[in-house]
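Student: Quick one: structure below, then a few questions.
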Number of protein chains: 2
Amino acid sequence: MRLFGSIEAGGTKFICAIGDEDYRVKDQVSIPTTTPEETLGKVVEYFKQHDVEAIGIASFGPIEIRKSSPKYGYITKTPKPGWQDTDVVGVIKEAFNVPISWTTDVNGSAYGEYIMSTLSNEKIESLVYYTVGTGVGGGAVIDGEFLGGMGHTEMGHTYLRRHPDDLEFPGSCPFHGDCLEGLVAGPTFEARLGIKGENVPRTDPVFDVLAYYLAQAVIQVTLITRPEKVVFGGSVVDEDLLVKVRQQFKELFDDYVELPPLEKYITRPLIANNGSATLGNFALALKQLNE
Amino acid sequence: MRLFGSIEAGGTKFICAIGDEDYRVKDQVSIPTTTPEETLGKVVEYFKQHDVEAIGIASFGPIEIRKSSPKYGYITKTPKPGWQDTDVVGVIKEAFNVPISWTTDVNGSAYGEYIMSTLSNEKIESLVYYTVGTGVGGGAVIDGEFLGGMGHTEMGHTYLRRHPDDLEFPGSCPFHGDCLEGLVAGPTFEARLGIKGENVPRTDPVFDVLAYYLAQAVIQVTLITRPEKVVFGGSVVDEDLLVKVRQQFKELFDDYVELPPLEKYITRPLIANNGSATLGNFALALKQLNE
C-alpha cells in the first residue's frame, strides 16, 4: 500500500496524519505547538514510524512559497513567539528524502475541498476557502492551481462597508482595526458583547452583523476571482450563519453576475471534522510526487 | 511583414488597429458604436483592406469567455441598447478565417501592460489593471494568464469602508449604490459636487475621498491576488491622485505583506494615450496564432 504524509502546522497544534492513495486517514496524531525544535522533533519522530512516499505540509504563516527564494519553505515573520524564520521544509527534508509540498493552512484546506468536490462529481475547477476562527484567512484554487502572484493570499484583512448597527466597534485586528478579521473573527464576540463566542445565543443580532461582513467578503472574491464556490470553515461558521450570509449576499450583490444556486455557491466544507487540509495535503503530496 | 489586428470594442467607439510583430501601430481607425450590424460591418470592411494573420478583440461586457459555452464570443446581457446577445467573434470569424483572441477591455489593457513591463525588463509575472472612467473595471494577469474561474473579473463593484467625510453620498452605481464604481467613477463628481469632473480643481478634497476608496481597492487585490503591480488607467486617474492613493494605502495597509516600493507598485500605465489594450490585443493575437 502506498502511503502519504500530511502535516497541518497550526499555531496551537501540529496535526500529522498518514493516508493511502484514496486519501483515507490510516493514522493521525496531534502534537502541541511549543518550540520549533521540540515540535518539529516530534513530527520527525512520528513519520519515522511510517513509510511515506511524499509529505504535504499546510502551515500557519506568513510563509515563503516562492521556489526562487532562499527562504523557500520557511515560516517568516509570524507573530508566534519563537517561530520567526523557521525552516520547516528544510527540517522535514533533511529527515526524509521524499518530495514535499508546501503551502498555507487555508490553501491546504482549499485544495482538499477542491479534490473532494471533484471526487463528488461536481466537476469544478475553482473555489475559494475561508476559515473564520481565531483569525480569518482565505485561499483559492483556480483551474486547479493556487492563486497568488508574488506570494500567498491573505484574504482576511480587506476593508468592508460597516454595518449601520455596528459603527461604534473599532474592530479587533492589531494591524488594521476593522478589517474583515477585525470584524468577524472569534475574539470579536467577547470584544463586542463581553462574552465568549460559544456562549452567545445563535439568535443574537450580532450574527446578522457578521453575515453582512461575510457576504461582502464573498462579493470581493466573486468579482475578483470568479470561483465556482466559496467554502466557509472555522469555528465561527455554521449552517445557520451561512443562511444569513446568503440572504445578505443576495441583497447586496443584486445578481450582478451569473452564479450557481446560492445554497451550492456559499457552503460548508464537504469534508467533516476540519479534515479538509489533511486530505488536501495527501493530494498535494501525491501531486508533488508525480511532478 | 507580419501583421496583426486589434479591435478595442467600447460602448462609444470601436478602435481598430493594425500592428506589426514588434507591436507597433501601422494604422488605426475609430468607428462609432451604433448598431451591431453597422459597427461590425465597418470593422469587417476596415480589416478587409489589410492582411492580418490573427486578430485580438478586447470588448466591453459582460461577455462570454468560456470556450465550452455555445455563447462563447458573445457580448451577453450588457445594458448597451441593441448589443445584448451579439456574436462578435462569430461575425469576425466568418469574415476572416484567422485565429481570434477574445477577452474583456480591461483584460486587454492588463495584458498590454504585462507585455510592456516584460519588454521593459521588469520581469514581472503578474499585475492588476484598473480603469477608472465612466465606469470602473479591473483585470488581472497572474503567471501570464488572465485571472477568472467561471467567468471574467468584475472588480469595479466591491464594497468599501466609507470615508468619514463622505457618509451622505449614496453612490451612483445603478446596481449597488456605493460600491467602488458608485463611489469613484467619473459621474460621481457631478453627483457629489454638481460640476463635471474635468472642471473640479485638483485641490478639491474630493480627491482625498477618491484616494481613500482606491487605496482600499488596491488592498483587496493585493491580499486576494498578490500581484507585482497595480496599474491605474482611465480619465479619472492622474499621477497627483496616485500620490494620494499611495499615502492612503500606506496608512491603511500597515505594511502587512512585503511589496515593491509603492511608487512602482501603484502606477500609471507604461503605454501612453490609452494604448494598453491595442498592444495587448496584438500580443494576444500572436499568442493565439502560436497555440
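Student: Using the structure shown, decide if residue B:184 is surrounded by 22 or more Cβ atoms within 10 Å (Cβ to Cβ), more than 16 Å from residue A:162 (Cβ to Cβ) and at the interface with another protein chain (Cβ under 10 Å from one of its Cβ atoms).
Tutor: Judged against the criteria, residue B:184 is not a match.
Student: Out of region B:247-279, which residues are in contact (Cβ under 8 Å) with a residue 24 or more places away in the chain and of a type in the set (Lys, Arg)?
Tutor: Of everything in region B:247-279, those that are in contact (Cβ under 8 Å) with a residue 24 or more places away in the chain and of a type in the set (Lys, Arg) turn out to be B:264, B:268.
Student: Okay, moving on. In region A:17-48, how many residues are under 21 Å from the mean Cα position of the chain (by Cα) and part of a strand (DSSP E or B)?
Tutor: 9
Student: How many residues are open to solvent by 10 Å² or more (accessible area, probe 1.4 Å) and within 9 Å of chain B (Cβ to nearest Cβ) when one looks only at region A:208-222?
Tutor: 0
Student: Output yes when any residue across region A:193-209 is touching a strand residue (DSSP E or B) at 6+ places or on another chain (Cβ under 8 Å) and either more than 18 Å from residue B:176 (Cβ to Cβ) or assigned to a helix (DSSP H, G or I) (or both), and no when none is.
Tutor: Of all residues in region A:193-209, those touching a strand residue (DSSP E or B) at 6+ places or on another chain (Cβ under 8 Å) come to none.
No, because not a single residue in region A:193-209 is touching a strand residue (DSSP E or B) at 6+ places or on another chain (Cβ under 8 Å) and either more than 18 Å from residue B:176 (Cβ to Cβ) or assigned to a helix (DSSP H, G or I) (or both).
Student: Specify the residue that is nearest to residue A:107 (Cα to Cα); the eligible residues are those in region B:223-248 that are within 8 Å of chain A (Cβ to nearest Cβ) and under 18 Å from the mean Cα position of the chain (by Cα).
Tutor: B:225
Student: Of everything in region B:193-207 that's open to solvent by 10 Å² or more (accessible area, probe 1.4 Å) and in contact with an Asp or Glu (Cβ under 8 Å, 6 or more places away or on another chain), which residue is farthest from the other protein chains (Cβ to nearest Cβ)?
Tutor: B:196
Student: Another question, if that's okay. For region B:152-164, give me each residue that is outside any loop (DSSP other than H, G, I, E, B), at the interface with another protein chain (Cβ under 7 Å from one of its Cβ atoms) and farther than 20 Å from residue A:149 by Cα.
Tutor: The answer is B:157, B:159.
Student: Give the number of residues within region B:1-16 that are in contact (Cβ under 8 Å) with a residue 40 or more places away in the chain and either under 14 Å from the mean Cα position of the chain (by Cα) or buried (at least 19 other Cβ atoms within 10 Å of the Cβ) (or both).
Tutor: Counting residues in region B:1-16 that are in contact (Cβ under 8 Å) with a residue 40 or more places away in the chain and either under 14 Å from the mean Cα position of the chain (by Cα) or buried (at least 19 other Cβ atoms within 10 Å of the Cβ) (or both) gives 9.
Student: Specify the residue that is farthest from the chain's Cα centre (by Cα); the eligible residues are those in region A:129-151 that are more than 7 Å from chain B (Cβ to nearest Cβ) and assigned to a loop (DSSP other than H, G, I, E, B).
Tutor: A:143
Student: Please determine whether any residue of region B:105-122 is within 14 Å of chain A (Cβ to nearest Cβ), surrounded by fewer than 20 Cβ atoms within 10 Å (Cβ to Cβ) and either of a type in the set (D, E, K, R) or assigned to a loop (DSSP other than H, G, I, E, B) (or both).
Tutor: Yes.
Student: Now for a different question. State whether the residues of region A:90-102 include one that is within 14 Å of chain B (Cβ to nearest Cβ), closer than 28 Å to residue A:271 by Cα and surrounded by 24 or more Cβ atoms within 10 Å (Cβ to Cβ).
Tutor: No; the residues of region A:90-102 include none that is within 14 Å of chain B (Cβ to nearest Cβ), closer than 28 Å to residue A:271 by Cα and surrounded by 24 or more Cβ atoms within 10 Å (Cβ to Cβ).
Student: Output the qualifying pairs, or none if there are none: Cβ atoms under 7 angstrom, residues six or more apart or on different chains, first residue in region A:119-131 and touching a residue at least 60 places away in the same chain (Cβ under 8 Å) and over 24 Å from residue A:214 (Cα atoms), second residue open to solvent by 10 Å² or more (accessible area, probe 1.4 Å) and among the aliphatic types (A, V, I, L, M).
Tutor: A:120/A:270
The values are calculated or read from the model by the stated rules, or taken from the named source; none is laboratory data. None of these values were measured; they are calculated from a predicted model. FYI the Cβ positions are ideal-geometry reconstructions off the backbone, even for glycines, and counts take in every protein chain you see. What goes into the accessible areas is simple: the full protein's heavy atoms, side chains included, and nothing from ligands, DNA or RNA. Shrake-Rupley method; radii C 1.70, N 1.55, O 1.52, S 1.80 Å.
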